[in-house]
Amino acid sequence: MTGFLDEWAGFGITFNTMFRKTFTQGYPHKKGEEKVTMPRFHGRHQLNRWPDGLEKCVGCELCAWACPADAIYVEGADNTDENRYSPGERYGHVYQINYLRCIFCGMCIEACPTRALTMTNEFKIADTTRSKLIYTKDELLAPLLPGMEQPPHPRRLGDDEDDYFLGLPPTGELDTRTAARQGVAE
Amino acid sequence: MSVDAKTSAEVQPRPDLVNLTIDGVPVSVPKGTLIIRAAEMIGTNIPRFCDHPLLDPVGACRQCMVDIPDAGNGRGFPKPQASCTMPVAEGMVVNTQVTSEVAKKAQQGIMEFLLINHPLDCPICDKGGECPLQNQALSHGRGESRFGGLKRTFPKPVNVSAQILLDRERCVLCARCTRFSEQISGDPFIALVERGALQQVGIYEQDPYESYFSGNVVQICPVGALTSAAYRFQSRPFDLVSTTTTCEHCAAGCELRTDHRHHQVKRRLAGNNPAINEEWNCDKGRFGFVSAREDRLKYPLVRRDGVLKPASWPEAIDAAVEGLKKAGEAVGVQTGGRLTVENALGYSRFARAVLGTNNIDFRSRPSSDEEAQFLGAFVAGRAQLRYSDLDAAKRVVLVAFEPEDEMPIAFLRLRKLVRKQGLRVQTIAPFASVGSRKLSAELIAAAPGGEAAALESLTDLDGSAIILVGERAATLPGLLSTVARVADSTGARVAWMPRRAGDKGALDAGCLPGLLPGGRPVTDVAARVDVASAWGVDSLPAGPGLAADEQFAALAAGTLKAVVVAGVEPGDLADPAAALAGLEAADFVVSIEQRPSEVTERADVVFPAALVEEQSGHFRNWEGQDLTVGLVTTATQTPFTDLRILAALADALGKPLGMRTPAAAWTAFHELQDWDGGRPAAPAVAPAAAGEGLVLAGWRELLDASRGNDGEIALRATARRPVLRVSPATAERLGLDEVARVAANGRELVLPVVVTADMVDDVVWAPLNPGEDRLAVVPGRPVAVTAVTFEGGEDA
């Protein structure tokens with residue numbers, strides 16, 4: 001039994017929905033209530049810096065070697081006196097982490113010999129394209145804190161490698177050296 | 001009966017062997033074997049750093065300690081002994097780290113000592129991941145270090161040469177590099193200096209470490225102390241994909257291990273082929289590969305309105321075919337000397353069966369008809385002598401051949417034989433070169449042109465002697481005829497030593513006007529029928545073909561209309577100006593090249609060809625051995641090899657080439673290698689009378705301005721300084737002091753003068769391709785030399 005209005009019944013649902021209050025799940029659920037992870041949560045990686053802003057990564061690729069998901073790609077290169085990114089001889093020239101592959105296991109962190117690679121608690125990594133999810137070095141590098149300077153620049157914590165590294169505080173203590181202490185104008 | 005049930009009593013000792021017991025296992029080894037090798041025979045690996053099978057034992061690192069409770073005479077050694085220096089003795093009892101706590105403790109102690117000052121900077125060390133120290137520290141060392149002090153450090157890295165870098169704090173003082181330099185290559189410019197904790201590898205400040213074999217010290221360094229500027233920080237071992245291949249630089253045929261990362265070759269190492277290069281190679285073979293990828297031709301070019309413009313493959317093929325059709329049979333083909341056998345056969349068949357001409361020549365260098373005859377009579381289609389024949393020889397005579405520059409691995413082989421077996425080397429040359437001195441060669445002094453007479457003066461040659469004649473003999477009239485005659489009358493054996501990797505293969509593939517594949521003479525009807533039936537064509541051209549120089553002359557004269565050129569540098573030819581004039585005058589030039597060159601600039605159609613690392617195939621080295629060229633990277637910048645380009649051209653010309661893959665060409669090549677018919681007669685050219693006045697002598701040094709290494713800055717920096725050499729009398733006569741200008745045929749070269757005591761008078765020696773400026777004259781021809789004086793002192 002078909003009536004004249006049956007064909008229009010579907011539109012009824014459409015019109016009804018148009019005037020219903022929309023439901024969007026917001027995040028954070030309430031303003032000021034962002035999810036707080038546990039302090040050791042494995043989130044997005046970060047490439048750390050020395051107190052003067054030079055990079056800690058030496059491009060050794062041990063993270064890439066350790067990675068069970070083959071998510072990391074690194075190429076090393078030579079520092080020169082004119083173009084210095086890390087205090088030693090070698091730095092990570094290319095550094096990429098593919099977050100479509102990364103399983104956040106943290107093996108790379110364990111492998112890193114210089115504590116250059118650590119993980120933050122950042123977990124909101126969703127994005128719209130594959131290429132945006134391959135994080136490059138500029139996205140992974142830690143932000144510049146006060147006293148830090150964007151490389152390339154000369155070593156500010158010691159004239160040569162010996163000075164630079166032998167000036168480190170003992171294991172377990174914070175590295176509180178600052179570039180300013182070495183007499184460099186901020 | 002199982003193997004285990006066999007007791008030592010049941011194993012019959014062999015009388016010619018020495019019997020000893022290692023870890024309770026009876027071993028029989030030849031007399032003189034070192035304990036460390038005897039242990040390898042029962043599968044026990046004693047850790048070692050300084051020990052290398054090809055170097056003399058030295059016992060420098062002390063890592064290979066073993067306990068010897070009985071030295072064969074009933075008495076034992078009170079302390080552990082180094083097993084890499086001690087030969088076995090009858091009845092000896094050896095306990096390695098496997099069974100002896102004493103040996104194990106000694107080895108662990110040594111390892112701990114070695115690691116005290118080792119920086120453990122493995123993450124930034126090029127050796128990390130393939131490092132014997134790293135591996136053996138894990139397998140034979142203690143897990144923990146007891147050393148709490150500061151490690152010794154040195155400023156780093158030190159340039160031993162422009163190419164070789166030294167990180168002194170990583171060194172374990174094994175002396176492999178210094179022993180290699182002294183024993184194998186004969187360039188002892190590095191040595192261990194200082195004492196105690198400060199002992200280090202040092203250089204003589206005055207004499208930089210300039211060796212053609214310096215890359216080998218990087219490869220044999222058991223730690224990361226020696227690294228190369230070219231590979232430093234380029235990659236880690238676990239990124240690399242290795243392919244075994246053959247070096248494309250000279251005709252020695254060295255096996256290489258080529259490593260690539262992401263389809264870019266990062267480094268090349270010497271492969272291990274005991275019959276050819278043992279475990280060594282030369283620096284050109286090791287470091288000379290970057291140039292090839294810097295300025296590649298990536299797409300075909302077609303000349304439109306006088307300008308070369310990028311074109312699609314079909315467009316370029318159509319353009320080439322149109323030009324070649326217009327020229328008909330008046331076409332020449334020049335292949336250059338660097339092709340794989342497969343590509344060379346492609347050119348040979350393309351010229352003869354598709355274009356219908358015998359105008360094909362692989363010699364992109366000064367050549368002569370006499371040489372073509374000599375090659376046809378003695379070399380083409382035949383196996384030459386082998387390296388093993390050199391091993392068995394009592395005497396080697398070098399004629400127009402400078403092994404260190406022209407075939408470095410043959411030089412290393414000769415040097416080893418001189419050192420180990422007392423081989424007698426004689427060289428017919430204008431002076432005793434650096435290489436000749438390292439071979440302790442007797443100099444038979446002869447000015448260029450006088451070699452034939454000098455060879456005939458050697459009346460005591462016999463069957464135990466080998467004459468090695470270089471490709472430069474082509475420029476000296478009568479020399480190859482004399483070599484053939486002397487060999488025939490004395491029984492001495494002869495080998496022709498080409499300089500380029502593709503020369504012997506091209507010769508056997510029929511890339512000479514008068515020779516078909518397998519050394520068949522073109523003039524022989526049966527040979528032509530043989531090849532025509534194999535190639536499925538009705539007939540092959542019978543007329544005489546033009547050699548390379550003749551082709552350029554014919555192009556200029558207009559009798560030849562078009563030319564197909566692959567891998568030829570006009571500057572390498574006897575008369576570069578004539579070659580360029582020929583290319584300019586030609587109606588149509590097809591260039592099949594990898595990189596832009598003087599030929600591609602003058603071409604009407606340019607096809608980009610694949611590099612040797614982008615194709616598979618074979619090189620035939622000077623011996624006639626076929627050596628595999630491995631496909632290193634599949635991500636090619638250009639898809640076509642020479643062979644595939646020729647096949648496409650042949651298809652478009654309507655006469656299929658019949659092969660388009662290396663595998664098909666390889667099969668076709670071998671179908672045509674057996675020929676028992678006639679050979680061309682031996683050449684009989686009378687030596688020319690010695691030239692009047694000052695004549696040029698010279699050869700191309702290994703590291704020169706050749707296209708194969710022009711992008712290698714560090715490698716080129718280790719080349720020898722170009723100089724002019726003259727005898728003291730000539731220097732005095734011409735008033736030469738510090739700098740002189742040598743000129744011929746409108747080109748000149750200004751170089752520092754070195755007065756050489758044993759130089760023949762009225763001869764000036766100059767390197768043939770030292771840099772931007774080069775002479776356009778072949779050795780043996782007159783040149784003018786004038787002193788260059790700097791007036792006005794420092795301002796000049």
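Coordinate-derived values only; no laboratory data. Quick caveat, the model's predicted, so the values are computed rather than measured. Cβ placement follows ideal geometry from the backbone for every residue including glycine, while neighbour counts extend to all protein chains displayed.
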(message) Between 0 and 90 degrees, rounded to the nearest ten: what's the tilt of helix B:479-490 against the longest Cα principal axis of chain B?
(response) 60 degrees
(message) Looking at the stretch B:221-329, I'd like the Rg to Rh ratio, where Rg is from alpha-carbon atoms and Rh is Kirkwood's inverse mean 1/r.
(response) 1.17
(message) Checking the table B:LYS79/B:LYS416; B:LYS127/B:LYS266; B:LYS284/B:LYS394 against a 26 Å threshold on Cα-Cα, which pairs fail?
(response) B:LYS79/B:LYS416; B:LYS284/B:LYS394
(request) Give me the distance between the Cα centres of the stretch B:275-334 and the stretch B:74-123, rounded to whole Å. (result) 57 Å
(message) So if each residue of separation counts as 0.36 nm, and I subtract the Cα-Cα distance between B:LEU138 and B:ARG261, what length gain in nm does that give?
(response) 41.6 nm
(message) I need the Kirkwood Rh of chain B: take the reciprocal of the average 1/r across all distinct C-alpha pairs and report it in angstrom.
(response) 28.8 Å
(message) Give the aspartates and glutamates reachable from B:LYS105 as a straight Cα distance under 15 Å; neighbours fewer than 8 places away on the same chain don't count.
(response) B:ASP67, B:GLU144
(request) Would you calculate the volume per residue, in Å³, of the smallest convex hull containing every Cα atom of the stretch A:1-64? (result) 291 Å³
(request) Please express the Cα-Cα pair-distance distribution P(r) of the stretch B:666-755 as a list of whole percents, one per 5 Å bin, running from 0 to the bin with the greatest distance. (result) 2, 9, 12, 13, 12, 10, 10, 10, 8, 7, 4, 2, 0
(request) Step through the residues of the stretch B:211-223 one at a time and calculate ³J(HN,Hα) from phi using the Karplus curve (6.51 cos²θ - 1.76 cosθ + 1.60, θ = phi - 60°), rounding each to whole Hz and writing x for Gly and Pro. (result) 10, 6, 10, 5, x, 5, 5, 5, 5, 8, 4, x, 10
(message) Please compute the alpha carbon radius of gyration of the stretch A:71-140, then divide it by the globular-protein estimate 2.2 N^0.38 Å. Two decimals is fine.
(response) 1.23
(message) Relative contact order for chain B: what percent, with Cα pairs under 8 Å and sequence separation of 6 or more?
(response) 13 percent
(request) Ratio to report: Rg/Rh of the stretch B:45-187, with Cα atoms as the point set and Rh obtained by the Kirkwood method; give two decimals. (result) 1.01
(request) Pull up the cross-link candidates among the lysines for A:LYS31, meaning alpha carbon to alpha carbon under 17 Å and not fewer than 8 places away within one chain. (result) A:LYS124
(request) In whole Å, largest first, what are the principal axis extents of the Cα atoms in chain A? (result) 93, 34, 31
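Would you mind ranking B:SER533, B:SER440 by Cβ crowding within 10 Å, fewest neighbours first?
If I rank by nearby Cβ atoms, fewest first, I get B:SER533, B:SER440.
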(request) Would you calculate, for chain B, the mean residue ellipticity at 222 nm contributed by helices, counting each DSSP H stretch of 4 or more residues as -39,500 (n - 2.57) and dividing by all residues, to the nearest 500? (result) -7000 deg cm²/dmol
(request) Would you mind checking the radius of gyration and Dmax of the stretch B:98-162 based on alpha-carbon positions, in Å? (result) 14.2, 47
(message) Quick check: Cα centre of the stretch B:375-422 to Cα centre of the stretch A:107-125, how many Å?
(response) 59 Å
(message) Only counting other Cβ atoms within 10 Å, I'd like B:CYS221, B:CYS247 sorted with the fewest neighbours first.
(response) B:CYS221, B:CYS247
(request) Would you mind checking the tilt of helix B:408-421 against the longest principal axis of the Cα atoms of chain B, expressed as 0 to 90 degrees and rounded to 10? (result) 50 degrees
(request) State to the nearest 20 debye the size of the charge dipole of the stretch B:715-762 about its Cα centre, where the only charges are +1 on K and R beta carbons and -1 on D and E beta carbons. (result) 380 debye
(message) I'd like the distance between the alpha-carbon centres of the stretch B:622-673 and the stretch B:346-370, rounded to an integer number of Å.
(response) 17 Å
(request) List, largest first, the extents of the alpha carbons of the stretch B:417-552 along their principal axes, each in whole Å. (result) 56, 33, 29
(request) Rounded, prolate or oblate: pick one for the stretch B:269-399, where a ≥ b ≥ c are the square roots of the eigenvalues of its C-alpha gyration tensor, a/c under 1.5 means rounded, and failing that, prolate if a/b is larger than b/c, else oblate. (result) oblate
(request) Could you pull out the chymotrypsin sites (Phe, Trp or Tyr not before Pro) across the stretch B:332-440 that fall in loop regions by DSSP (anything but H, G, I, E, B) with no more than 16 other Cβ atoms inside 10 Å? (result) none
(request) In Å³ and rounded to a whole number, note down the convex hull volume per residue for the Cα atoms of the stretch B:515-605. (result) 129 Å³
(request) Only Lys, Arg, Asp and Glu count, each charged at its Cβ (+1, +1, -1, -1), so figure out the dipole size of the protein assembly as shown about its Cα centre, rounded to 20 debye. (result) 2580 debye
(request) Please order B:TYR299, A:TYR91, A:TYR135 by the number of other Cβ within 10 Å, starting at the fewest. (result) B:TYR299, A:TYR135, A:TYR91
(message) Could you give me D for the stretch B:704-764, from Stokes-Einstein at 25 °C and 0.890 mPa s, where the hydrodynamic radius is the Kirkwood radius over C-alpha pairs? Units µm² s⁻¹, please.
(response) 186 µm²/s
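For the stretch B:398-499, what is the charge dipole size about the Cα centre, in debye to the nearest 20, if Lys and Arg each add +1 at the Cβ and Asp and Glu each add -1 at the Cβ?
It works out to roughly 520 debye.
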(request) Could you give the spread of the C-alpha atoms of the protein assembly as shown along their three principal axes, from largest to smallest, in whole angstroms? (result) 111, 101, 88
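For a distance above 19 Å, tell me the whole-number percent of Cα pairs in the stretch B:593-663 that qualify.
On the way: 1173 of 2485 pairs.
When every Cα pair of the stretch B:593-663 is considered, 47 percent fall beyond 19 Å.
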(message) Using a Cα-Cα cut-off of under 20 Å, which lysines could be cross-linked to B:LYS298, ignoring same-chain neighbours fewer than 8 residues away?
(response) B:LYS309
(message) Taking every DSSP beta bridge with both residues inside the protein assembly as shown, roughly what % is antiparallel (nearest 5)?
(response) 65 percent
(request) Could you pull out the GluC sites (Glu not before Pro) across the stretch B:713-796 that fall in loop regions by DSSP (anything but H, G, I, E, B) with no more than 15 other Cβ atoms inside 10 Å? (result) B:GLU738, B:GLU772, B:GLU791
(request) Please express the Cα-Cα pair-distance distribution P(r) of the stretch B:642-796 as a list of whole percents, one per 10 Å bin, running from 0 to the bin with the greatest distance. (result) 9, 24, 20, 18, 16, 9, 3, 0
(request) Working from Cα positions, state the angle (0 to 90°, nearest 10) between the long axis of helix B:525-535 and the longest principal axis of chain B. (result) 70 degrees
